[in-house]
Amino acid sequence: SQTIHQWPATLVQPVGSPLSLECTVEGTSNPNLYWYRQAAGRGLQLLFYSVGIGQISSEVPQNLSASRPQDRQFILSSKKLLLSDSGFYLCAWSQDPSGANVLTFGAGSRLTVL
Amino acid sequence: GIQVEQSPPDLILQEGANSTLRCNFSDSVNNLQWFHQNPWGQLINLFYIPSGTKQNGRLSATTVATERYSLLYISSSQTTDSGVYFCAVERTGGFKTIFGAGTRLFVKA
């Protein structure tokens, strides 16, 4: 069966420091991969999605970037964090040849920027 | 882009009560999902339902794609049903799944 792992689960970072969140999927190949952000008490905002290695689509201009160095690995990064980058970051994957793009989420990474 | 509106934004129920959550969307979709987010933040897929009706235990969902809405029914609610319920849609021809703002449900014992 397929599983998705995200880490770290929680982190507290100072303003201006770098960020790296990692997501990996097991038990499948060539998944679609997604990064979402959830601000406190609000809905999910799509940040990036990827349909293959090295293929990244950005949804909103921001202080973050994403990379997909391997088929089942998706990384969210920042060179210098801002206070507004605080939030709950969720990685998700989907795959269905018939087009049923059913999302499955990781447990999330909670980021606090001070 | 496609707009997704959920109602009500907040809902308080007595344990054992029934409820209906609504999701309206502004464009044709080829994918609609309902999720439950528990108090620890984990998102669980409840239904994949681009059209028609599905049931899973005390939960059921109906999507009327031609009228651009979906309903999630919760019967005999339990305290463990508390959390936030999200509707998420993928517009026809796209890869992007867009979420509504959610309905926050609290079930009192």
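Which order, highest average first, do A:77-89, A:6-18 follow once you tally other Cβ atoms within 10 Å for each residue and take the mean per peptide? Let's see the in-between values first.
Details: A:77-89: 15.5, A:6-18: 12.5.
So the order, starting with the most tightly packed, is A:77-89, A:6-18.
From other protein chains only, count the Cβ atoms within 10 Å of every residue's Cβ in B:95-104, then give the mean.
5
Give the carbon-plus-sulfur fraction of the accessible surface of chain B in %, rounded to a whole number; probe 1.4 Å, heavy atoms of protein chains only.
Taking all protein chains in place, chain B shows 50 percent carbon and sulfur surface.
Go through A:His5, B:His36 and list them by solvent-accessible area, largest first, probe radius 1.4 Å.
A:His5, B:His36
Quote the FRET efficiency, to the nearest 0.05, computed for A:Ser84 versus A:Thr28 with a Förster distance R0 of 30 Å and r equal to the Cβ-Cβ distance.
Efficiency for this residue pair is about 0.35.
Under a Cβ-Cβ cut-off of 12 Å, what is the net charge of the residues other than B:Thr63 that fall near it, where Lys and Arg count +1 and Asp and Glu count -1?
Working: positive: B:Arg22, B:Lys54, B:Arg68; negative: B:Glu67.
In short, +2.
What list of ³J(HN,Hα) couplings, whole Hz, do you get for the range B:12-27 from phi and the Karplus terms 6.51, -1.76, 1.60, once you set θ to phi - 60° and write x for glycine and proline?
10, 10, 7, 3, x, 7, 9, 8, 10, 10, 10, 9, 10, 9, 9, 8
Separation of the range A:2-20 and the range B:1-71 by C-alpha centroid, Å?
Cα centres, the range A:2-20 to the range B:1-71: 30 Å.
Local charge sum around B:Thr92 (other residues, Cβ-Cβ under 15 Å, Lys/Arg +1, Asp/Glu -1)?
Overall, the nearby charge balance is +1.
Sequence neighbours fewer than 8 away in the same chain don't count; with that in mind, list the aspartates and glutamates whose C-alpha is under 17 Å from B:Lys108.
B:Asp10, B:Glu15, B:Asp81
Along each principal axis of its Cα atoms, how long is chain B end to end? Whole angstroms, biggest number first, please.
If we take the Cα atoms of chain B, the spans are 44, 26, 20 Å.
How would B:Asp81, A:Asp71 rank on accessible area, largest to smallest, probe 1.4 Å?
Heavy-atom accessible area, descending, gives A:Asp71, B:Asp81.
Which cross-chain or sequence-distant (5 or more) residues have an amide H under 5 Å from the amide H of A:Leu81, H modelled 1.01 Å from N in plane?
A:Gly16, A:Ser17
Please compute the per residue accessible area over chain A with all protein chains in place, 1.4 Å probe, rounded to a whole number of Å².
47 Å²
The values are calculated or read from the model by the stated rules, or taken from the named source; none is laboratory data. Since the structure is predicted, the reported quantities are computational estimates derived from the model, not experimental observations. Note: ideal-geometry Cβ built from the backbone for every residue, glycine included; neighbour counts use all protein chains shown. Accessible surface areas use protein heavy atoms only, side chains included; no ligands, DNA or RNA. Shrake-Rupley method; radii C 1.70, N 1.55, O 1.52, S 1.80 Å.
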